[in-house]
Amino acid sequence: MGGTRELVRATARPVAVGAATVAWVLGAVVNDLHGWPFTLTAAVGAVLTALAVGIPLRAEHNARVRAGTAEQIAEDASARIQLVLNDALEPLTYLIGRITDRRRWSFGREAAELQGQAMAVVLSAAAEVLGANRLRSCFFARVDEKPVRLVPSAFHGRAEEPRTTFVEGTELGDFALGLLARREDLFCADTETAFPPGWDPGPHKYRTFIAVPVATEARQFGILTVDGLEVGDLTEDDVAAVRVLARLLAVALGA
Amino acid sequence: MAKSRKNGDDVQRARLARLLSDPATYFAEARRQAHEQAKRLLASRLDEHGEPSPGRP
């Protein structure tokens, strides 16, 4: 069945070209044209045949390219959903189940170990499932001593350790702590064109980042960030996945 | 016939251990499998509509 369809598809174009050509050649022969009327008819017929065949061919080519692109986008989106749900969230929620299964009296070293595992899963998932290469995820833990700070505590991805500490009382520190307090997300598409208050480009190599709070309604644990080296490595669409990972990390840390 | 899939705690434990021991390899493999499955799903859905996609050779 598929073979017949392919055969029809393959022969349709030469048949169309042949029919269009035969039509005007036949017309010229039947009308017994000679000399310049025949030459003129042949030239105009050839041009019109080329247009009649070329325009649909061009449209077909464009449609083919667009369909190929659409299929690639659909495939990427489907693969990404599967990656986030099956390969990142499922092991993480299983791990959270294990943390909450611990009896209260057994909390301590074992719980801390499981929470450390949850941190590792969240950081690796945040850096690995969003699609772009060489992303880095970082966790900045909130330290409650005065002045309150967000200190780099763990990271995954590119081998560049985060160095910034966000300190209360500085413009950038107050901004970051405010985001956490209000449970707000931040997506910076390009650090060279739109950046947070008090931002110092300094030695930062990344051009785009996402920052989301790691908090439950009652408790603040810190901020999870994901950054990329190129503009476009991260998009607004990535924020939701990072936010869910951060929320689940907060549940694990608060359990 | 309904399709059952073995995905119990032992499977999850093993999967978590793989993820924690080498996250980069775990996600690289997962990404490859996810794309293969997405390609299969997409092809079967397009085939349901009869005509092969113009985007595919």
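The values are calculated or read from the model by the stated rules, or taken from the named source; none is laboratory data. Keep in mind that this is a model prediction, so the values were computed, not measured. Positions of Cβ are generated from backbone atoms using ideal geometry, with glycine treated the same way; all protein chains shown enter the neighbour counts.
Conditions (1) over 20 Å from the mean Cα position of the chain (by Cα); (2) within 24 Å of A:Leu249 (Cα to Cα); (3) more than 14 Å from chain B (Cβ to nearest Cβ); (4) of a type in the set (Val, Ile, Thr), marked per residue:
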{"residue": "A:Gly157", "(1), (2), (3), (4)": "no, yes, no, no"}
{"residue": "A:Gly173", "(1), (2), (3), (4)": "yes, yes, yes, no"}
{"residue": "A:Thr208", "(1), (2), (3), (4)": "no, yes, yes, yes"}
{"residue": "A:Val214", "(1), (2), (3), (4)": "yes, yes, yes, yes"}
{"residue": "A:Ala218", "(1), (2), (3), (4)": "yes, yes, yes, no"}
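I want to confirm something. Restricting to the range A:34-57 and keeping residues that are among the β-branched types (Val, Ile, Thr) and touching a residue at least 24 places away in the same chain (Cβ under 8 Å), which single residue is farthest from A:Ala23 (Cα to Cα)?
Per the stated criteria, the residue is A:Val53.
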**Prompt:** Can you find a residue in the range B:2-21 that is among the acidic types (Asp, Glu), exposed (fewer than 15 other Cβ atoms within 10 Å of the Cβ), in contact with a helix residue (DSSP H, G or I) (Cβ under 9 Å, 6 or more places away or on another chain) and at pLDDT 90 or above?
**Reply:** no
**Asked** Can you tell me which residues in the range A:242-255 are surrounded by fewer than 24 Cβ atoms within 10 Å (Cβ to Cβ) and either within 14 Å of the chain's Cα centre (by Cα) or part of a loop (DSSP other than H, G, I, E, B) (or both)?
**Response** A:Ala255
**Request:** Inspect all residues belonging to the range A:2-11 and state whether any of them is farther than 18 Å from A:Glu60 by Cα, at pLDDT 75 or above and away from chain B (no Cβ under 14 Å).
**Result:** no
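For the range A:116-134, how many residues are of a type in the set (D, E, K, R) and more than 9 Å from every other protein chain (Cβ to nearest Cβ)? Break it down stepwise before answering.
Applying the first criterion (of a type in the set (D, E, K, R)) to the range A:116-134 yields A:128, A:134.
This time we only want the ones that are more than 9 Å from every other protein chain (Cβ to nearest Cβ), so: A:134.
So the count comes out to 1.
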**Fill in**
Pairing a residue in the range A:59-83 that is in contact (Cβ under 8 Å) with a residue 12 or more places away in the chain and at the interface with chain B (Cβ under 7 Å from one of its Cβ atoms) with any residue that is of a type in the set (Lys, Arg) and surrounded by 13 or more Cβ atoms within 10 Å (Cβ to Cβ), where Cβ atoms lie under 8 Å and the two sit 6 or more apart in sequence or on different chains, gives A:Leu83/B:Arg31
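With the structure loaded, tell me whether A:Ala77 is modelled with pLDDT under 90 and in contact with a Lys or Arg (Cβ under 6 Å, 6 or more places away or on another chain) or whether it fails that test. So that I can check it myself, show each step before the final result.
Details: modelled with pLDDT under 90: yes; in contact with a Lys or Arg (Cβ under 6 Å, 6 or more places away or on another chain): no.
Taking the combined requirement at face value, the residue does not satisfy it.
Go through the range B:1-15 residue by residue and tally those that are within 9 Å of another protein chain (Cβ to nearest Cβ), part of a helix (DSSP H, G or I) and within 17 Å of the chain's Cα centre (by Cα).
2
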**Prompt:** Would you call A:Ser124 closer than 23 Å to B:Asp9 by Cα, in contact with a strand residue (DSSP E or B) (Cβ under 8 Å, 6 or more places away or on another chain) and not aliphatic (A, V, I, L, M)?
**Reply:** yes
